[in-house]
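Report on the structure given below.
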Amino acid sequence: MFKNQRHCEILEILKRERFASVSDLSERLFASQPTIRRDLNFLEKQGYLRRSHGGAIPADERNNIPISFRSGTHTGQKTKICRLAATLISDGSLIFTDASTTALHIANCIKQESNVTVLTNGYLACKLFSDKGVRVFSTGGRLLADSLAFVGESARNTVSQYNADIMFFSSSSLCEDGMISDYSEEETSLRICMAKMAKIKVFLCDETKFGKTSAFNLFPVSEVDYVVTGAPLPDAILKKYALECISDEEAFIYKKH
């Protein structure tokens, strides 16, 4: 397991369980206890957890997992998800993307000759789309240090001036009843604004998000047009929302009946 991926897994466990011991983390993450202790010491110095009673607790449950850790995790699955999702893009489209590390991979799947325009609140996404020769606009706004996402009223005002053909977004959680949620209140607010201004909404979700709940609700999967995942969606969600799998090559894409 890559070091930054292990850090991400530690933070995910702490968000879910509020405490984890060194021995438990060592067993679950297949790393030695001295390695886990070094990881915890590093993450504590960065302000993301506090050492406690032979383990660790979150420093603040409102903290998001830093993008420097998330961007290096599950990249293979995220690439497959976005490669399939990009088949939904029509030439000349105006596209919204959020600042998620999953949606970031859309940039590698857009052909320059497709003449698309992108509006994003992702600092990294602006650079990557621009490097690929894609016409890109930023929402502007206040930059969150952890996620490198532009947020706030000015970002929402910018979004409200555009009508997008398609929106690609992700989040931190997809709970068992199909509600999409996230740890960031401000990013959630901007995603909701984007969704109101987009004709088609595409939720990108790797399997690590399944069965999880975060603090701030976006909307249920019934309010999106497509769900693209790296693994089959749980049967309970498929049945509740009558989702049909229309492609299962590399990744899975679902559409409402």
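The values are calculated or read from the model by the stated rules, or taken from the named source; none is laboratory data. Note that the structure is predicted; figures quoted are calculated from it, not measured. Positions of Cβ are generated from backbone atoms using ideal geometry, with glycine treated the same way; all protein chains shown enter the neighbour counts. Side chains included, ligands, DNA and RNA excluded: accessible areas come from the protein's heavy atoms. Shrake-Rupley method; radii C 1.70, N 1.55, O 1.52, S 1.80 Å.
Side notes on the structure shown:
- Counting only heavy atoms of the protein chains and using a 1.4 Å probe, Asp182 has close to 10 Å² of accessible surface.
- Since only Thr158, His53, Cys82 are under comparison, the one whose Cα sits farthest along the positive direction of the charge dipole of the chain, derived from C-beta charges on Lys, Arg, Asp and Glu, is His53.
- Förster radius 22 Å - calculated FRET efficiency between Glu176 and Lys196 (Cβ-Cβ, nearest 0.05): 0.25
- Farthest towards the positive end of the charge dipole of the chain, among the residues Ile95, Phe42, Ser247, is the Cα of Phe42, using unit charges on the Cβ of Lys, Arg, Asp and Glu.
- Backbone N under 18 Å from the Glu250 label point (7 Å along Cα→Cβ), restricted to region 207-237: 207, 227-232
- Local net charge near Phe168, Cβ-Cβ under 9 Å (Lys/Arg +1, Asp/Glu -1): 0
- Charges were assigned to the Cβ only: +1 to each Lys and Arg, -1 to each Asp and Glu. The resulting dipole of region 161-239 about its Cα centre is roughly 180 debye.
- Total charge dipole magnitude, region 67-199, about the Cα centre, Cβ charges on Lys, Arg, Asp, Glu only, Debye to nearest 20: 420
- With all protein chains modelled, accessible area of Arg28 [1.4 Å, Å²]: 90
- With the charge dipole of the chain set up from +1 on Lys and Arg Cβ and -1 on Asp and Glu Cβ about the Cα centre, the Cα lying farthest toward the positive end among the listed residues Tyr226, Gln33, Ala236 is that of Gln33.
- DSSP bridge pairs, the chain: antiparallel proportion in percent, nearest 5: 55
- Over the chain, dividing the summed -39,500 (n - 2.57) contributions of all DSSP H runs of at least 4 residues by the number of residues returns a 222 nm mean residue ellipticity of -9500 deg cm²/dmol.
- Assuming charge only on the beta carbon of Lys and Arg (+1) and of Asp and Glu (-1), the dipole of the chain about its Cα centre is about 460 debye to the nearest 20.
- For the chain: relative contact order, % (alpha-carbon pairs under 8 angstrom, 6 or more apart): 15
- Of all accessible heavy-atom area on region 140-224, the percent that carbon and sulfur account for (1.4 Å): 47
- The chain: C-alpha gyration tensor shape, a/c 1.5 cut-off, then a/b vs b/c: prolate
- What region 105-231 shows is 41 Å² of accessible area per residue, with the surface traced by a 1.4 Å probe over protein heavy atoms.
- Packing-based ranking of 184-195, 236-247, 48-59 yields 184-195, 48-59, 236-247, ordered from highest to lowest mean Cβ neighbour count within 10 Å.
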